[in-house]
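Read the structure below first, then the notes.
Any read-out appearing in this document is the output of simple, stated calculations on the displayed coordinates, not a laboratory observation. From a predicted model like this one, the values you see are computed outputs, not experimental measurements. Glycine also receives a Cβ, built like all others from the backbone with ideal geometry; neighbour counts cover every protein chain displayed.
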Amino acid sequence: SEEIYLNYKGLMFPKETHSLESLEFAQEFKFKDEDVMAVVYPKSGTIWMQEILPLLLNGGDLTPIHTIPNWDRVPWLEEKRLALLVDKMASPRAMVTHFPYQLMPPSFHTSKAKVIYVMRNPKDILVSSYYFHKMAAFLEDPRTFDEFVDTFLEGKVLFGKWTDHVKGWKSAELGNRLMYITYEEMVQDLPAALRQMSDFLGRNLSEDTIQKIAEHCSFKTMKTNKMSNFSLVPKMYMDADKSPFLRKGVLGDWKNHFNSEQLAKFTSAIRKDLDSESFSLPWNLD
Ligand code: A3P
C-alpha cells in the first residue's frame, strides 16, 4: 500500500491524484471571503456537489456543466490541479474538499468562505467505497466485502475514519458560514435541498430555476453527462465495466451487502467511536 498511498499528517492519499506538493499547496491556499466549498467525505456526494454548486452560483447556466469536466469545474482543494486552475477561477470560486477539519489551511479560518458539509449514511458510504476501490486503479483492491468492513472501520481508507471526519466538522465553530445537509435529504427531495443551499449562499433563485437545476442534477442526467460521469478518464485508471462511478445513487444499498454479523460489528464500532459526542446522527445506525 505504500506504493499506492502517501502518508500526510497521518492520513492516506493516493499518489496518482495527490502529491506532497499539492497537499502543501492546499495548506498555503489563500481563501477569499466569497469562496464556497463543499466538504464531503469520499463517496458521500462529492461529484454531485460539483454539479450543483456552479449552477446555484450562476443562476442555472448549463454552459460550464457541458464544457468543463467536473474536476476542473469545481476543483479539489487538496489535488494537484488546483494550482493550475486557481488563477483562472472567477469569484465566487467553488471548490470541494475531502479534508477533515484539522487539515483546513490557516486562511480558511480567518476568511468568511462558506461551507456546505454533506453527510451520508456510513453503511452506504462503505458499500459505495467498496465498488470504487474495485474500479479505480489508483486505490488498493478492497479484497472481500468482509475484509473491507474492517479496513473501513479501522480508518485505513482515504481521508481516514468516517467518524473522525464527522466529529471534526460537526464540532467546527463556524457559525453561519457552515450548513449541514445529508445525501439522504438530497435524494428524497432535491429541489428542497437546493432551495436550502441557495438560501444559505444568498442566491434568490426562482422556482423555475430550482426545478431546472434539480432536473439537470438528477442521477439519470448526470450519468449521461460525459463532463460529470468520469467517462473521460482512461479505463486504465477508472474502469466503468467493473463498476460505474455513478453506480446506483440510491438509499439503503447496504441492505444488499451486510450480513447480520457485519452489521453488528459495524454498529458497535461506530457507536464506540462516536460515544463521547453530544450530537445525534440523522440515521438509525442499526
Ligand atoms: P453509489 O456508489 O452509492 O451509487 P462521491 O462523488 O463522493 O465519490 O460519491 C459517489 C456516490 O454519489 C455514488 O454513490 C454516486 O452514485 C452518488 N451520486 C453522484 N451523483 C448523484 C446524483 N445525482 N444522485 C444520487 N446519487 C449520486
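By count of other Cβ within 10 Å, fewest leading, how are D199, D208 ordered? Don't jump to the answer; show the numbers that get you there.
Details: D199 12, D208 9.
Ascending Cβ contact count within 10 Å gives the list D208, D199.
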TODO: Calculate one ³J(HN,Hα) per residue across the range 113-121 by plugging θ = phi - 60° into the Karplus curve 6.51 cos²θ - 1.76 cosθ + 1.60, and present them in order as whole Hz with x for glycine and proline.
DONE: 3, 9, 10, 10, 9, 9, 10, 9, 3
Task: Virtual spin-label span in nm between N256 and R271, 7 Å along Cα→Cβ - done: 2.8 nm
Task: Set of aspartates and glutamates with alpha-carbon distance to K255 below 12 Å, sequence-local pairs under 8 removed - done: D124, D286
Task: Ranking of H133, H98 by count of other Cβ atoms within 10 Å, fewest first - done: H133, H98
Task: HN-Hα J in Hz across the range 10-20 - Karplus 6.51, -1.76, 1.60, θ = phi - 60°, x for Gly and Pro - done: x, 10, 9, 10, x, 5, 4, 10, 10, 9, 4
Task: Three-way shape label, the chain, alpha-carbon gyration tensor, a/c 1.5 - done: rounded
Open item on the list: Can you tell me what share of the DSSP beta bridges in the chain is antiparallel? A percent to the nearest 5 is fine.
Closed with: 25 percent
Open item on the list: Shape verdict for the range 135-286, please, from the Cα gyration tensor: rounded (a/c under 1.5), prolate (a/b greater than b/c) or oblate.
Closed with: oblate
Task: Centre separation in Å (Cα based) which lies between the range 172-195 and the range 55-127 - done: 15 Å
Task: Label-point separation in nm, A137 to V86, each point 7 Å along Cα→Cβ - done: 3.0 nm
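Report the extension gain between D208 and T63 in nm, rounded to one decimal, defined as 0.36 nm multiplied by the number of residues separating them, less their alpha carbon distance. The partial results should precede the final answer.
Values: separation 145, 0.36 × 145 = 52.20 nm, distance 1.76 nm.
Here the segment from D208 to T63 would lengthen by 50.4 nm.
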Task: Gaussian network model of the chain, springs between alpha carbon atoms under 10 Å - residue of I210, I68, I116 with greatest fluctuation - done: I68
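Which value at 222 nm does the chain reach when only helices count, each DSSP H run of 4 or more adding -39,500 (n - 2.57), with the total divided by all residues and rounded to the nearest 500 deg cm²/dmol? Show your work: numbers first, answer last.
Values: 14 runs with 120 residues, N = 286.
Helices in the chain give a 222 nm mean residue ellipticity of -11500 deg cm²/dmol.
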TODO: Based on other C-beta atoms within 10 Å, arrange T221, T46 from fewest to most.
DONE: T221, T46
- [ ] Starting from the amide H of V115, placed 1.01 Å from N in the peptide plane, find each other amide H under 5 Å away whose residue is 5 or more places distant or on another chain.
- [x] M37, L178, M179
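Take the eigenvalues of the Cα gyration tensor for the range 110-197, scale each by 5, and report the square roots as semi-axes in whole Å, largest first.
Working: eigenvalues 159, 56, 25 Å².
Three semi-axes, in Å: 28, 17, 11.
If the limit is 29 Å between Cα atoms, which of K170/K235; K15/K43; K134/K161; K88/K220 go over it? Show your work: numbers first, answer last.
Details: K170/K235 37 Å; K15/K43 19 Å; K134/K161 19 Å; K88/K220 31 Å.
Beyond 29 Å between Cα atoms: K170/K235; K88/K220.
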Open item on the list: Which of V74, V36, V187 ends up with the largest GNM mean-square fluctuation for the chain, with Cα atoms connected below 10 Å?
Closed with: V187
Task: Built amide H within the under 5 Å cut-off of W76, gap 5+ - done: V96
- [ ] Once you've got the GNM for the chain with C-alpha springs shorter than 10 Å, pick whichever of M37, M222, M236 has the biggest mean-square fluctuation.
- [x] M236
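Explain nothing, just the number: dipole magnitude of the range 1-53 about its Cα centre with +1 on each Lys and Arg Cβ and -1 on each Asp and Glu Cβ, in debye rounded to the nearest 20.
Numbers: 5 positive and 10 negative charges, 35 e Å.
Dipole of the range 1-53, to the nearest 20 debye: 160 debye.
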Task: Tail fraction, Cα-Cα pairs, the range 183-256, threshold 17 Å, whole percent - done: 56 percent
